[in-house]
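Since the structure comes first, as C-alpha cells, the remarks are kept for the end.
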Amino acid sequence: MTYNHREIEKKWQRYWEENKTFKTDTESDKPKYYVLDMFPYPSGAGLHVGHPEGYTATDILARMKRMQGYEVLHPMGWDAFGLPAERYAMKTGNDPRVFTNKNIDNFRRQLKSLGFSYDWDREINTTDPEYYKWTQWIFIQLFKKGLAYMAEVPVNWCPDLGTVLANEEVIDGKSEWGHPVIRKPMRQWMLKITEYAERLLKDLDKLDWPENIKEMQRNWIGKSEGAEITFRIDGHDETITVFSTRPDTLFGATYLVLAPEHALVDQITTPDRREAVEAYRRSIESKSDLERTELSKEKTGVFTGAYAINPVNGEKLPIWIADYVLATYGSGAIMAVPAHDERDWEFAKKFDLPIRVVVKGGDVDREAYTGDGEHVNSDFLNGLNKEEAINRMIEWLEENGVGRRKVTYRLRDWLFSRQRYWGEPIPILHLEDGTIKPIPEDQLPLELPEMDEIKPSGTGESPLANNEEWVNTVDPETGMKARRETNTMPQWAGSCWYYLRYIDPHNKERLADPEKLKKWLPVDVYIGGAEHAVLHLLYARFWHKVLYDLGVVPTDEPFQRLYNPGMILGENNEKMSKSKGNVVNPDDIVESHGADTLRVYEMFMGPLEASAPWSTDGLDGARRFLDRIWRLYVGEDGKLDAKIKPEAAVDPGFEKTYHQTVKKVTEDYENVRFNTAISQMMVFINEAYKQKEIPKSFAEGFVKLLSPVAPHIAEELWEIMGNEPPVSLATWPTYDPDKLVEDEVEVVIQVNGKVRSKVTLPADASKEAMEKAALDDEVIKEWLAGKTVRKVITVPGKLVNIVAN
RNA sequence: GCCAGUGUGGCGGAAUUGGCAGACGCGCACGACUCAAAAUCGUGUUCCUUUUAGGAGUGUGGGUUCGACUCCCACCACUGGCACCA
C-alpha cells in the first residue's frame with residue numbers, strides 16, 4: 001500500500017478537530033508553554049509559502065512541548081483591520097466586513113489544511129467589537145495617564161481625492177493615479193512612547209532575541225548623552241538652547257544654526273535679512289521630507305542677522321538657519337563647531353565661516369576631526385582629553401547656570417491616528433465647549449457604524465465624518481452636544497496586545513483574568529517576520545509596559561524569546577511576486593505533495609532565520625523521505641512490516657544511532673535547528689534500511705520524533721503499529737546516555753599538522769598509550785623516516801600530532 | 001556614509017571551549033531490477049595531478065598557533081536596517 005497523503009491528512013485533521021486534541025486548559029496544573037506566531041493580515045491573495053515556515057516552526061515546538069508534559073498555548077487569529085479592505089470597499093461599494101470575513105475563512109481553511117495544532121476555540125479577530133472593545137479600553141487608559149495627546153502634524157493630503165494618503169501610497173509626491181499630494185498640518189493623536197524610551201532601551205538586555213533585532217531597536221531609540229547649553233541672543237531677552245554631545249568643544253563654536261521652523265526665527269531676524277530668510281523658508285516648505293534628505297548632499301542656509309553670546313567666553317556668534325538642523329530633534333538648534341563636526345565643517349567651508357581647532361589630532365583643512373585628543377584654545381579645558389573635558393565643561397555649565405547634563409533620544413512620539421474608516425474608532429468625544437473626554441468605559445465598545453457607502457469626506461477627515469448620525473452625539477454625563485472623534489487607530493493597535501487576549505479570549509468583564517495572565521506571561525517563544533523588528537515589536541513592548549505600570553499585566557516584557565524566519569525566495573532566487581511569476585501557492589503543494597511534505601521541506605531548507613530559494617527538486621526530496629519512512633513501516637498489505645517486531649535482535653551500532661537520534665532531535669527542536677534535526681532523522685532511516693530487524697520500541701520512538709514536523713503521517717503510522725491515537729499526545733521519547741558512550745575511538749595521527757594515519761584505540765587510552773600507538777604506526781614511521789621528532793601533542797580521545805623535521 | 005549580519009562543492013546546507021572540512025538532501029554518473037521506461041535499491045561524487053599515491057582547498061591578503069571554516073588585523077562582495085539625529 002502506498003502513502004496516500006490526501007486521504008491521511010484529511011483523516012487526521014478531522015480527528016484532531018472532532019476530538020479537540022489541541023484544546024488548551026489554561027487552568028491546568030502542568031507547567032505552561034506559550035508559543036506564538038505573529039498573526040497574519042488576511043489578504044485576498046491567501047497564504048503564501050512564506051507563512052508556513054514560521055508557523056511550522058512554532059507548531060513543532062508546540063507539539064514537542066505538549067508531548068513533554070507541558071500545557072501548551074498555541075493560538076491563531078487575524079490582524080484584520082487595514083488598508084486593502086478599505087480600498088476594496090471604496091472601489092466596489094461593498095462592506096469591508098464581508099470581504100474581510102471571506103478572506104479569513106480562506107486563511108483558516110488553508111491553515112487547517114497544513115495541520116497546525118492551534119486551539120481554534122481561542123481564535124481572535126481585531127475587527128470584532130468584542131475584541132476592539134479592549135483596544136479602545138487600553139487607549140482610554142493611555143489617555144488618562146497623559147500618554148495620548150493631540151498635536152498638529154503634517155499629513156499627505158491629496159486635494160483631488162479629498163483624502164489623506166499613507167506614506168506607502170505616495171509615490172514621487174503623487175497618488176498612484178498621479179494626483180498631486182501636499183503636506184498639510186492636521187490635529188492628530190500622538191502616543192508618548194518617548195516617555196518609555198529609556199526603559200524600552202534598557203530592558204532589551206533581558207530578552208533572548210537575535211542580537212541584530214535588539215541592535216535595530218537600540219538604533220531606533222537612538223540614545224545620546226551630552227549637554228544642553230543656553231545662549232543669550234544679542235539684543236533680545238530670549239535665549240536659545242542647543243543640545244550637544246560635545247560640550248567640550250564649546251570654545252570651538254563659531255556660529256549657531258536653527259532649524260528653519262524654529263520658533264525664534266521670526267523674532268530674531270534683522271530687517272535687512274528678512275527677505276532672504278523668508279525666501280529660504282518658503283523653499284524648504286515646498287519640499288517633502290524625502291526631498292530634503294535627498295538633496296542634502298549640498299548644504300544650504302541663510303544668515304538671520306542676529307548674534308548669540310557664547311556663555312563660556314562671551315564671543316558673538318552669528319545665528320544661521322539651515323535645513324541640516326532638524327526641528328524635531330533635540331531643541332531644533334545647534335552650536336556649530338566646524339573643526340570637530342563633519343556637517344558643520346561642510347557648512348562652514350561652503351559659507352566661509354571660521355573654523356577653530358580646540359582638539360589636537362586632525363587636519364581641519366582637509367576634514368573635521370571628531371576623535372579624541374588634547375584640548376587647546378579652551379581655557380580651563382586645555383590639556384584635558386575628550387571625556388575629562390566633557391565632564392569638566394558640564395560641571396562649569398551647571399555651576400554657572402547656563403546648561404546641564406542631558407540625554408536625548410532619536411525616538412519620536414507615535415503618530416496614532418489614521419484618517420480611515422476601517423480601523424478601531426478612537427473613543428473620544430469633542431464637546432461643544434472645546435474640551436475632549438473619553439466615552440465612559442461602560443459604553444465600550446464604540447462600534448464602527450455600518451455605512452452604505454465609504455467615500456472620502458473631502459475635508460481630510462476619515463469617511464466616518466460623512467456619517468452625521470454617528471458623529472453628532474450628546475455627552476451622557478454633561479448633556480453637552482458632542483462630536484465623535486473621526487480618526488481611527490492604526491493597524492498596529494490591535495496587534496499591540498493580542499497575545500494577552502489569547503490567554504482569556506472570551507472574558508466579558510476585563511481584558512483578561514489577572515490570575516491567568518500571571519500564569520501564562522510572558523510568551524515563551526514568538527516567531528514572525530523581521531519586517532516587524534522595530535515598529536510592531538517596539539509598540540507592543542511600549543503598551544505592555546504601560547499595562548505593567550497599571551498593574552494589568554504581571555511582567556514588564558511581553559516576548560521572552562524571538563526568532564525571525566528568513567524569506568523563501570522564488571526558484572530564480574528573487575523575491576516571490578506575481579509580476580515575476582515565481583509565486584508558489586501552498587494549496588497546490590498540499591494537493592500534489594501533501595502538507596507533511598511541505599512542512600518537512602520548509603524546515604529542511606536551511607536554518608530558520610536564513611533566506612533560501614524554493615526548489616521543486618528539494619520538495620521532491622522531502623516527499624521521498626516520507627515515502628521511504630512509509631515503505632519501511634508499512635508492508636504491501638497495509639499492515640506493519642514484518643521486520644518491525646517487539647523482540648528484535650538489535651545491532652549495537654543501530655541502537656547507538658537510535659539514542660543519538662533521540663538526543664539530537666530533541667535538542668535541535670528545542671534550539672530551533674530543524675534542518676539538522678531532520679537530517680539526523682534521515683540518518684536514522686538510512687540505518688534502519690540496513691537492518692534485518694527493527695525493535696518496535698525504536699520504530700515508535702522515531703514516529704514520535706517525526707510527529708511534530710510531519711504529524712499526519714506520524715498519526716497514521718502510530719495507528720498502524722497498533723497504538724491508541726493520537727501520537728500527538730503520546731509521551732516524548734527519552735534516550736539512554738550510557739548507550740552513547742564509545743568503547744573505542746578512531747584517533748587521528750598527524751605529522752606536522754597533516755592527517756597521515758588513523759588508529760583505533762580504547763576511548764580512555766592514556767596520553768602515553770596514544771603517543772606510543774602513533775609512533776608505532778607503520779605509515780607514520782615512513783613519514784618520520786630521516787626526521788627528528790621535536791614535539792608530540794596529544795588530545796585524549798581525539799588525535800596525536802607529531803612535530804618533526 | 002553609518003550600524004549589524006553573511007561569505008564553505010554544480011546547488012540548499014553541516015561542522016565553533018581551535019583538533020579528520022563538506023554530515024544530510026538535491027543534482028549528476030554508474031550498477032541492479034525491467035522487454036523498456038518510471039519508481040525503487042545499491043555504489044560513487046570538492047578540485048587538480050603523473051590516481052594502491054600526492055598536492056591544493058572554507059570571499060581576498062596578512063598574522064597568532066604544533067594545528068585555523070573557527071581567533072586577531074586589513075580589504076572585497078552581498079543582504080538587512082538607518083540615513084544630516086548635533
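Derivation of every value follows stated rules applied to the coordinates shown; laboratory data play no part. Since the structure is predicted, the reported quantities are computational estimates derived from the model, not experimental observations. Here the Cβ is made from the backbone with ideal geometry for all residues, glycine too, and neighbour counts use every protein chain on show.
On the basis of the beta-carbon distance and an R0 of 45 Å, A:Glu742 and A:Met1 show a calculated FRET efficiency of 0.65.
Of all complete DSSP H helices in chain A, those with a Cα span along the helix axis of 18 Å or greater and a mean Kyte-Doolittle hydropathy of 0.5 or more are A:674-689.
Our estimate of slack between A:Glu195 and A:Arg282, defined as 0.36 nm per intervening residue step minus the Cα-Cα distance, is 28.0 nm. In the neighborhood of A:Tyr55, defined by Cβ-to-Cβ distances under 13 Å, what is the net charge if each Lys or Arg adds +1 and each Asp or Glu adds -1? Combined, the nearby Lys, Arg, Asp and Glu give 0.
Based on the alpha-carbon gyration tensor of the range A:578-739 and its eigenvalue square roots a ≥ b ≥ c, which shape applies: rounded if a/c is under 1.5, prolate if not and a/b is larger than b/c, or oblate? Prolate. Bridgeable lysines around A:Lys481 (alpha carbons under 23 Å apart, same-chain partners fewer than 8 residues away excluded): A:Lys144, A:Lys437.
Using R0 = 56 Å, the C-beta based FRET efficiency linking A:Ala151 and A:Asp372 works out to 0.90.
For the range A:451-578, just say rounded, prolate or oblate: build the C-alpha gyration tensor, square-root its eigenvalues into a ≥ b ≥ c, call rounded for a/c under 1.5, and beyond that prolate if a/b exceeds b/c, oblate if not. Oblate, because a/c is 1.5 or more while a/b does not exceed b/c. Take A:454-463, A:756-765 and order them by the average number of nearby Cβ atoms within 10 Å per residue, most first; the result is A:454-463, A:756-765. Phi-derived couplings, Karplus 6.51 cos²θ - 1.76 cosθ + 1.60 at θ = phi - 60°, listed residue by residue for the range A:750-762: 10, 10, 6, x, 10, 5, 10, 7, 9, 9, 8, 9, x Hz, with x used for Gly and Pro. What are the residues whose amide H is under 5 Å from the amide H of A:Ile428, where those residues sit 5 or more places off or on another chain and H is modelled from the backbone? Amide H neighbours of A:Ile428: A:Ile439, A:Glu485. Of the peptides A:469-477, A:577-585, the ranking by mean beta-carbon count within 10 Å, highest at the top, reads A:469-477, A:577-585.
If you sort the three axes of the alpha carbon gyration tensor as a ≥ b ≥ c, you get a/c of 1.5 or more for chain A and a/b no higher than b/c, which makes it oblate.
Take every Cα pair under 8 Å whose residues are at least 6 apart in sequence, average their separation, divide by the length of chain A, and the relative contact order is 15 percent. Checking the Cα-Cα distances for A:Lys184/A:Lys214; A:Lys133/A:Lys545; A:Lys767/A:Lys791; A:Lys639/A:Lys692; A:Lys65/A:Lys202 against a 25 Å cut-off, the pairs over it are A:Lys184/A:Lys214; A:Lys65/A:Lys202. Taking each residue as 0.36 nm, the span from A:Arg97 to A:Leu569 lengthens on full extension beyond its C-alpha to C-alpha distance by 166.7 nm. In the frame of its principal axes, the range A:209-272 has Cα extents of 56, 27, 18 Å, reported largest first. Would you please calculate the Kirkwood hydrodynamic radius of the range A:223-409 over all C-alpha pairs and express it in Å, rounded to one decimal? Its Kirkwood hydrodynamic radius stands at 16.8 Å. In this simple spin-label approximation, A:Lys316 and A:Lys202 carry label points 7 Å from Cα along the Cα→Cβ vector, and these lie 4.7 nm apart. Distance between the C-alpha centres of the range A:168-245 and the range A:117-135: 33 Å, rounded to the whole angstrom. Counting every other Cβ atom within 10 Å of each residue's Cβ, A:Ile802, A:Ile780 order from fewest to most as A:Ile780, A:Ile802.
Using just its DSSP H runs of length 4 or more, each adding -39500 (n - 2.57), chain A gives a mean residue ellipticity at 222 nm of -10500 deg cm²/dmol after division by all residues. Electrostatic bookkeeping for A:Val751 treats Lys and Arg as +1 and Asp and Glu as -1; over the other residues with beta carbon under 11 Å from its beta carbon, the sum is +2. Positive contributions from Lys and Arg (+1) and negative ones from Asp and Glu (-1), summed over other residues with Cβ under 14 Å from the Cβ of A:Arg405, come out at -2. The trypsin sites (Lys or Arg not before Pro) of the range A:686-725 that meet both conditions, a loop assignment by DSSP and at most 16 other Cβ atoms within 10 Å of the site Cβ, are A:Lys690, A:Lys692. Evaluated at q = 0.23 Å⁻¹, the base-10 log of the normalised Debye intensity for the range A:661-743, with identical point scatterers placed on the Cα atoms, takes the values -1.26.
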